[in-house]
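Asks: Below are the structure tokens for one structure; questions will follow.
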Amino acid sequence: MKKVLITGGAGFVGIHLSKYLLKNDYEVTLIDNFARPNDDEEFLRVVKHKNCKSITGDIISPNTFQYLQKDYYDYIYHLAAFNGTSNFYNHPVEVLKTGIIGTINVLDWVINQSKGKILYTSSCEAYAGTMKILGEKFPIPTPEEIPLSIDDVNNVRWSYGVGKLTSEVAFNCYKHGRDFDRFCIVRPHNFFGPRMGFEHVVAQFIDRIIKNESPFKIYGGTETRSFNYIDNVIESLVMLMELDETNGEIYHIGNDKEEMKIIDLAKMLFKIADREPNFEVLPAPEGSVKRRCPNIDKLRGLGYDIIYSTEEGLEKTYSWYVDNYDWYSLKGKR
Ligand SMILES: NC(=O)c1ccc[n+]([C@@H]2O[C@H](COP(=O)([O-])OP(=O)(O)OC[C@H]3O[C@@H](n4cnc5c(N)ncnc54)[C@H](O)[C@@H]3O)[C@@H](O)[C@H]2O)c1
């Protein structure tokens with residue numbers, strides 16, 4: 001039985017990944033400091049599994065790693081990050097420390113293990129500065145080679161993005177300075193699914209549809225995004241982790257097949273909810289990004305393809321939010 005460690009394991013991606021791995025006979029250990037209140041019913045259900053263990057610990061502290069078994073884990077998914085835009089502004093030091101010191105601690109621990117490959121989830125936020133700097137010249141769909149940058153050191157929003165950017169550099173420093181290449185870096189693009197919180201546009205629209213908002217305000221609406229259902233994401237993460245040829249490489253993960261306008265996303269959700277929309281279209285917020293879509297040719301070159309369509313994913317996500325609304329709206333907002 002393969003042994004897996006997941007940092008940030010109580011989070012959105014962590015729990016979906018744990019459920020997939022436990023179903024497929026892996027042993028799973030989760031580390032989380034519950035910076036986000038993810039100790040909900042779904043988390044408790046997962047950690048009850050006989051092959052699952054949970055450690056409450058903060059990756060900012062090197063002591064956390066002393067609770068882990070030596071030379072034990074085959075795969076380490078390093079997902080821990082202090083997400084949530086409000087946290088970037090309200091808790092920038094914790095966001096930054098988790099992003100940078102947390103990753104360095106994970107790396108310092110793993111290079112002293114005789115085995116174990118790490119998959120690190122960076123973010124498209126690591127190149128958000130480049131989007132601003134290049135403007136119209138920014139390539140979309142965006143390939144892995146895009147330069148990473150921040151455009152304003154005074155903006156604490158970068159507490160998150162700079163953690164991702166620096167962590168990517170850190171992995172490469174350990175590759176060259178410590179001869180360590182048992183890692184793979186991924187840049188997620190717009191994942192969605194059950195239990196993703198209420199910050200994502202999909203979750204916000206569902207929330208507002210459930211609350212019967214009318215007129216339903218759309219700011220802009222012609223901007224496009226490519227949404228990727230969480231079950232597609234998990235398939236790609238596990239594949240990237242387990243192929244040797246991905247060692248030391250960076251991959252974009254996303255859905256380049258179904259780039260859609262935000263207003264079309266809203267229409268699709270209204271159709272799923274079986275409601276008639278009454279839209280009020282207002283000007284887009286200043287500086288909103290017109291298009292975002294990853295180039296996933298490198299991932300596809302490994303034999304991967306999108307399995308679940310956006311509509312299928314939205315149906316599953318909508319019904320999950322309806323079924324879990326009462327307790328999730330109380331506990332899940334953060
Ligand atoms: N969901 C997306 O669309 C998306 C997009 C871009 C990047 N990512 C990246 O993918 C990863 C997983 O994302 P997610 O959506 O599951 O996020 P999430 O916020 O749901 O989960 C992250 C978990 O990390 C934990 N955590 C925070 N600081 C910690 C610390 N110092 N020590 C231990 N645990 C800590 C949080 O409590 C949380 O449970 C993150 O690294 C995120 O930055 C996700």
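Asks: Would segment 80-230 count as rounded, prolate or oblate if I go by the C-alpha gyration tensor, calling it rounded below 1.5 in a/c and otherwise prolate when a/b exceeds b/c, oblate otherwise?
Replies: Taking the square roots of the gyration eigenvalues as a ≥ b ≥ c, segment 80-230 is prolate.
Asks: Express as a percent, rounded to the nearest 5, the fraction of DSSP beta bridges in the chain (both residues included) that run antiparallel.
Replies: 10
Asks: Work out the FRET efficiency for Asn212 and Lys132 from their Cβ-Cβ distance, taking R0 = 35 Å, and round it to the nearest 0.05.
Replies: Approximately 0.40, to the nearest 0.05.
Asks: Same structure again: Stokes-Einstein diffusion coefficient for segment 131-174 at 10 °C in a medium of 1.306 mPa s, Rh from the Kirkwood formula over Cα pairs: what value in µm²/s?
Replies: The estimated diffusion coefficient comes to 134 µm²/s.
Asks: Mind checking the full-extension length gain between Ile263 and Lys115? Use 0.36 nm per residue of separation minus the Cα-Cα distance, one decimal, nm.
Replies: Full extension of this stretch gives 48.5 nm more.
Asks: For segment 34-117, rounded, prolate or oblate, judged on the Cα gyration tensor with a ≥ b ≥ c (square roots of eigenvalues), a/c < 1.5 rounded, else prolate if a/b > b/c?
Replies: It comes out oblate by the Cα gyration axes.
Asks: Under a 5 Å amide H to amide H cut-off, with H placed in plane at 1.01 Å, what residues pair with Ile55 once short-range neighbours are removed?
Replies: Amide H to amide H, under 5 Å and 5 or more residues apart or across chains, Ile55 pairs with Leu30, Ile31, Asp32.
Asks: Past the 18 angstrom mark, what percentage of all C-alpha to C-alpha distances in segment 1-76 do you count?
Replies: Tail of P(r) above 18 Å: 32 percent of Cα pairs.
Asks: Right, something else. Would you list, by chain and number, the lysines whose Cα falls below 20 Å from the Cα of Lys217, excluding same-chain residues fewer than 8 positions away?
Replies: By straight Cα distance, Lys217 reaches Lys261, Lys267, Lys271, Lys290.
Asks: Averaged over every viewing direction, what's the projected area of the C-alpha convex hull for segment 3-331? Give it in nm², one decimal, please.
Replies: 16.4
Asks: Between His176 and Asn154, what is the spin-label point distance in nm, taking each point 7 Å from the Cα along the Cα→C-beta axis?
Replies: 3.3
Read-outs: derived from the displayed coordinates by stated rules, not from any lab. All values derive from a computational prediction rather than experimental measurement. So basically every Cβ, Gly included, is an ideal-geometry build from the backbone, and we count neighbours across all protein chains shown.
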